[in-house]
1. Where does segment 135-250 land on Rg/Rh, using Cα atoms and the Kirkwood Rh?
2. Going by how many other beta carbons lie within 10 Å of each one, how would you line up 118, 25, fewest first?
3. Once you place label points 7 Å from the Cα toward the Cβ at residue 222 and residue 87, how far apart are they in nm?
4. Which value in deg cm²/dmol, rounded to the nearest 500, describes the helix-derived mean residue ellipticity at 222 nm for the chain, given -39,500 (n - 2.57) per DSSP H run of n ≥ 4 and division by the residue count?
5. Within the P(r) computed for the chain, what percentage of the Cα pairs occupies the region above 31 Å?
6. Obtain the radius of gyration and the Kirkwood radius of segment 62-193 from its C-alpha atoms and give Rg over Rh.
7. Over segment 153-219, consider all pairs of different Cα atoms and compute the Kirkwood hydrodynamic radius from their mean reciprocal separation; express it in Å, one decimal.
8. Using r as the Cβ-Cβ distance of residue 184 and residue 107, and R0 as 35 Å, what FRET efficiency do you calculate, to the nearest 0.05?
Ligand SMILES: Nc1ncnc2c1ncn2[C@@H]1O[C@H](COP(=O)(O)OP(=O)(O)OP(=O)(O)O)[C@@H](O)[C@H]1O
Ligand SMILES: [Mg+2]
């Protein structure tokens, strides 16, 4: 699960990680952010139908409950196998990355995102993966997903921080809150110019946080996010690759 304060680079890093991992694995990217909508565009994949619609919409999620959600999403009682989901709910990027969008809040007064987080949590808890499959989950900004216990079904949490004390503070809360779950926890510093990287690494150390990787400010990412469309990156690609190696995913 890729988590962190708003705007730190969760979407960018998850798309770049998905691309790199897709050279070796069958990668799925699950968009569990209920607000932002451009992840398909960044990935270069068509917009899939939100998975919550497969279950009858947000209003049906709590009514169904965990058992019936899993039943609806499974075939042959094996748990949730992503490649068995209907095609319209899993779109594909040019590299073959499968994109699943949990659902979005769009209308005034339509209710909170709790059912969406509950669906993500249930999906992850009952996910059945093949040896060559990797699932990356991009969460909503901040800490709402912690309140819903979405992390329970994950193997690891990667917190993305930018060069701000606020994002480090949120990462510390994340680390502390998932401690009882005994998940792996990694911290990646993004958008770091050389001048600030050392300051943040030192600051993190003082807070009991280890920075597992640093991704620099990449003009190409910045420009590509300014213009929209498929995410482009340049020098940060090798840094993202180094992060994946450092945390033993490559
Ligand atoms: N390595 C980088 N170099 C330069 N700019 C970057 C980098 N990573 C991210 N950005 C900039 O930061 C912005 C936010 O990145 P991104 O959308 O990935 O953050 P996020 O954490 O997913 O945000 P949100 O919390 O809104 O979902 C991008 O639009 C881009 O302008
Ligand atoms: Mg995002």
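Any read-out appearing in this document is the output of simple, stated calculations on the displayed coordinates, not a laboratory observation. These numbers come from a predicted model, not from an experiment. Heads up, the Cβs are rebuilt from the backbone with ideal geometry, glycines too, and the neighbour counts pull from every protein chain shown.
1. Taking Rg over the Kirkwood Rh, I get 0.96.
2. Details: 118 22, 25 19.
Going from least to most buried by this count: 25, 118.
3. Taking the simple label geometry, residue 222 and residue 87 are separated by 4.2 nm.
4. -11500 deg cm²/dmol
5. For the chain, the share of Cα pairs beyond 31 Å comes to 20 percent.
6. Value, to two decimals: 0.98.
7. Values: mean 1/r = 0.0826 Å⁻¹.
Evaluated on segment 153-219, it is 12.1 Å.
8. For R0 = 35 Å, the calculated efficiency reads 0.40.
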